[in-house]
Amino acid sequence: MIQAILVFNNHGKPRLVRFYQRFPEEIQQQIVRETFHLVLKRDDNICNFLEGGSVRWVLDATLTGRDTILFGVFVETLDKCFENVCELDLIFHMDKVHYILQEVVMGGMVLETNMNEIVAQIEAQNRLEKSEGGLSAAPARAVSAVKNINLPEIPRNINIGDLNIKVPNLSQFV
């Protein structure tokens with residue numbers, strides 16, 4: 001089972017952190033720091049697997065590097081979805097990055113490694129979001145419809161039985 005997926009930039013800033021096992025916040029931060037330092041020490045031409053380390057959860061685990069199959073599928077999928085993915089895509093489209101990751105791994109288990117299937121699901125999600133775009137625009141359409149109502153005269157006083165309500169001038173809002 002995958003316990004966490006961590007993606008760092010070259011300066012050690014975590015750009016994607018997803019834990020599949022519950023850890024307190026301070027332990028998560030320690031894991032992120034120590035994992036980066038363990039990977040940072042390695043040369044680029046060294047094997048992509050790093051055994052052990054001083055981090056508690058890594059003692060019996062294997063850290064994988066940037067050329068493993070799972071990471072390759074994830075990065076290639078990001079590249080297809082963002083067209084030449086870069087660090088800024090991870091920053092400004094975090095919701096989509098997490099959705100793509102969720103298509104690949106959920107609950108620490110690898111669900112899908114077929115990139116075409118993953119991309120198809122992402123495209124279906126994008127179509128759904130675009131079709132619902134009309135719903136998010138509904139408040140603006142409602143305001144526009146109210147502005148276009150042709151009332152012969154805007155009521156200034158409303159009398160309901162013993163209740164008398166003076167309506168304020170709303171022309172400044174229309």
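The values are calculated or read from the model by the stated rules, or taken from the named source; none is laboratory data. Note that the coordinates shown come from a computational prediction; the quantities given were computed from them, not determined experimentally. Note: ideal-geometry Cβ built from the backbone for every residue, glycine included; neighbour counts use all protein chains shown. The protein model used for the area step is the full one, side chains on, heavy atoms only, and it has no ligands, DNA or RNA in it. Shrake-Rupley method; radii C 1.70, N 1.55, O 1.52, S 1.80 Å.
Simple spin-label estimate for Ile69 and Tyr20 gives 1.4 nm between the two label positions (7 Å along the Cα-to-Cβ direction from each Cα). First select every other residue whose beta carbon is under 10 angstrom from the beta carbon of Val85; then total the charges, Lys and Arg +1, Asp and Glu -1. Here the count lands on -4. If R0 is taken as 22 Å, the Cβ-Cβ distance between Glu76 and Met106 corresponds to a FRET efficiency of 0.70.
Computed extension gain for Lys41 through Asn164, at 0.36 nm per residue and net of the alpha carbon distance, reaches 36.5 nm.
Label positions at Asn84 and Thr113, each projected 7 Å from the Cα along the C-beta direction, are separated by 3.0 nm. Given a 1.4 Å probe and the protein chains as shown, Ile122 ends up with an accessible area of around 10 Å².
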